[in-house]
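The values are calculated or read from the model by the stated rules, or taken from the named source; none is laboratory data. This is a predicted model, so every value here is computed, not measured. When we count neighbours, we look across all protein chains shown, and the Cβ atoms used for this are built from the backbone with ideal geometry, even at glycine. For accessibility, only protein heavy atoms count, side chains too; no ligands or nucleic acids. Shrake-Rupley method; radii C 1.70, N 1.55, O 1.52, S 1.80 Å.
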Amino acid sequence: MAEPTPPWYDDLPASLAEAWALLVRGAADRKHPFHTPAVATIGADGGPHVRTVVLRGASPPARRLRFHTDARSAKATELRARPRIAVHAYDPGGKIQLRLAGTATLHTNDDVANAAWKATKPLSRACYRVATAPGSHASDPVAALAEIGDGDEAGRAAFIAVTVTVVRMEWLYLAAAGHRRALFDWSSGSLRANWLVP
C-alpha cells in the first residue's frame, strides 16, 4: 500500500510554509535534524568552506535564520569579507532537503547580539572563553581549552550572532509517489515560486 502524500505535496505555498515550520522547529528542538544545518562561506582562497552550526533562531516573516560564532573564527572573517552564505539542512526521516542562499549580517554589540548572549546557556558560553582563536594550533588538547577568564561575561567580546536573510530557498521532498522540488526566490524584491524537475 502506498504511503499517503502530505497536504503540501502539490501545493507551492504550503510547501514553503512547511519548510519554514521545519526551520522554526529545528531552532527550538535540539533533536530535530534541522537543528544542525551546514553553512558554506567563501574563503580567502575563493573556494567554498563548509561547516555545521547550531540553528538558534528562525523567523519566517523576516525570512531570517540565526546562529552564533566566535568573532575570531575563520567563518566570521570570511563573512566580514563576503557576506554571501549558503545553508543546507536535511531531514532523513522526513526525506526533506532545504538549500538556502542569503546574506549574513554579523551582530556584535547590538540588540540582536545582546539578546542572543543573554539566552545562551553557560555551557555554550564557555566556548567563547578560550584564549586563542578557533582553529589555532595548540600544543595539546588541554592547552587548546585554556580560558581567558571565568565569570558570566567572560567571552562576551568573542561572541557574534549571525543572522541570515534568505534570498533563495530550494525545497526537495523525496517520495515514492514522485519527488517534489521547488524554488522560492525573493531576489527581485517579491516572491517568485516555481516547481523544478527533481
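Filter the range 9-43 for residues that are surrounded by 18 or more Cβ atoms within 10 Å (Cβ to Cβ) and of a type in the set (D, E, K, R) and give the result.
Glu18
Can you pull out every residue in the range 39-55 that is over 20 Å from Cys127 (Cα atoms) and of a type in the set (A, V, I, L, M)?
To start, the set of residues in the range 39-55 that are over 20 Å from Cys127 (Cα atoms) comprises 40-49.
Across the range 39-55, the qualifying residues are Ala40, Ile42, Ala44.
Report the residue count in the range 44-57 for those that are open to solvent by 30 Å² or more (accessible area, probe 1.4 Å) and either over 18 Å from Phe159 (Cβ atoms) or of a type in the set (A, V, I, L, M) (or both).
Result for the range 44-57: 8.
Which pairs do you get when a residue that is within 30 Å of Gly102 (Cα to Cα) and in a helix (DSSP H, G or I), found in the range 138-163, comes within reach of a residue that is modelled with pLDDT of 90 or more and not hydroxyl-bearing (Ser, Thr, Tyr), reach meaning Cβ atoms under 8 angstrom, with the pair 6+ apart or on two chains?
Filtered contacts from the range 138-163: Arg156/Trp117; Ala157/Ala71; Ala158/Asp70; Ala158/Ala71; Ala158/Arg72.
Among (1) under 28 Å from Ala176 (Cα atoms); (2) more than 14 Å from the chain's Cα centre (by Cα); (3) small (Gly, Ala, Ser); (4) surrounded by fewer than 18 Cβ atoms within 10 Å (Cβ to Cβ), there is one condition Ala62 misses while meeting the rest; what is its number?
(1)
Tell me yes or no: at least one residue of the range 113-128 is within 27 Å of Ser187 (Cα to Cα) and assigned to a helix (DSSP H, G or I). Don't jump to the end; show me each part of the working.
Initially, the range 113-128 is screened for residues within 27 Å of Ser187 (Cα to Cα), giving 113.
Within this subset, residues satisfying the condition of being assigned to a helix (DSSP H, G or I) are 113.
Yes, the range 113-128 contains a residue that is within 27 Å of Ser187 (Cα to Cα) and assigned to a helix (DSSP H, G or I).
Test each condition in (1) open to solvent by 80 Å² or more (accessible area, probe 1.4 Å); (2) under 18 Å from Thr69 (Cβ atoms); (3) of a type in the set (Gly, Ala, Ser) for Ala176 and report the one that comes out false.
Going through (1) open to solvent by 80 Å² or more (accessible area, probe 1.4 Å); (2) under 18 Å from Thr69 (Cβ atoms); (3) of a type in the set (Gly, Ala, Ser) one by one, Ala176 breaks only (2).
For Leu65, are the conditions met, namely being out of contact with any strand residue (DSSP E or B) (no Cβ under 7 Å at 6 or more places or on another chain) and either assigned to a loop (DSSP other than H, G, I, E, B) or farther than 17 Å from Ala157 by Cβ (or both)? Give the steps one after another, and end with the answer.
Details: out of contact with any strand residue (DSSP E or B) (no Cβ under 7 Å at 6 or more places or on another chain): no; either assigned to a loop (DSSP other than H, G, I, E, B) or farther than 17 Å from Ala157 by Cβ (or both): yes.
Criteria not met by Leu65.
Leu196: modelled with pLDDT under 95, open to solvent by 50 Å² or more (accessible area, probe 1.4 Å) and farther than 20 Å from Arg84 by Cβ, yes or no?
Against the criterion (modelled with pLDDT under 95, open to solvent by 50 Å² or more (accessible area, probe 1.4 Å) and farther than 20 Å from Arg84 by Cβ), Leu196 does not qualify.
Checking the structure you have, find out if any residue of the range 68-77 is buried (at least 18 other Cβ atoms within 10 Å of the Cβ) and part of a helix (DSSP H, G or I).
Looking for residues that are buried (at least 18 other Cβ atoms within 10 Å of the Cβ) and part of a helix (DSSP H, G or I), one finds at least one in the range 68-77, hence yes.
If I ask for residues that are closer than 19 Å to Thr36 by Cβ, open to solvent by 40 Å² or more (accessible area, probe 1.4 Å) and modelled with pLDDT under 95, which ones from the range 94-134 would you list?
Ala119, Lys121, Leu123, Cys127, Pro134 - these are the residues of the range 94-134 that are closer than 19 Å to Thr36 by Cβ, open to solvent by 40 Å² or more (accessible area, probe 1.4 Å) and modelled with pLDDT under 95.
Scan the range 81-112 for residues that are of a type in the set (Val, Ile, Thr) and in a helix (DSSP H, G or I) and jot them down.
Start the filter on the range 81-112 by keeping residues that are of a type in the set (Val, Ile, Thr), which leaves 85, 87, 96, 103, 105, 108, 112.
If the condition is that a residue be of a type in the set (Val, Ile, Thr) and in a helix (DSSP H, G or I), then Val112 is the only one that fits.
Counting only residues that are within 18 Å of the chain's Cα centre (by Cα), assigned to a loop (DSSP other than H, G, I, E, B) and not charged (D, E, K, R), how many does the range 1-40 have? Walk me through how you get there before you give the answer.
Quick first cut of the range 1-40, residues within 18 Å of the chain's Cα centre (by Cα) only: 16-40.
Add one more test, that the residue is assigned to a loop (DSSP other than H, G, I, E, B), and what stays is 29-32, 36-37.
If we keep only those that are not charged (D, E, K, R) too, we end up with 32, 36-37.
Residues that pass the stated criteria total 3.
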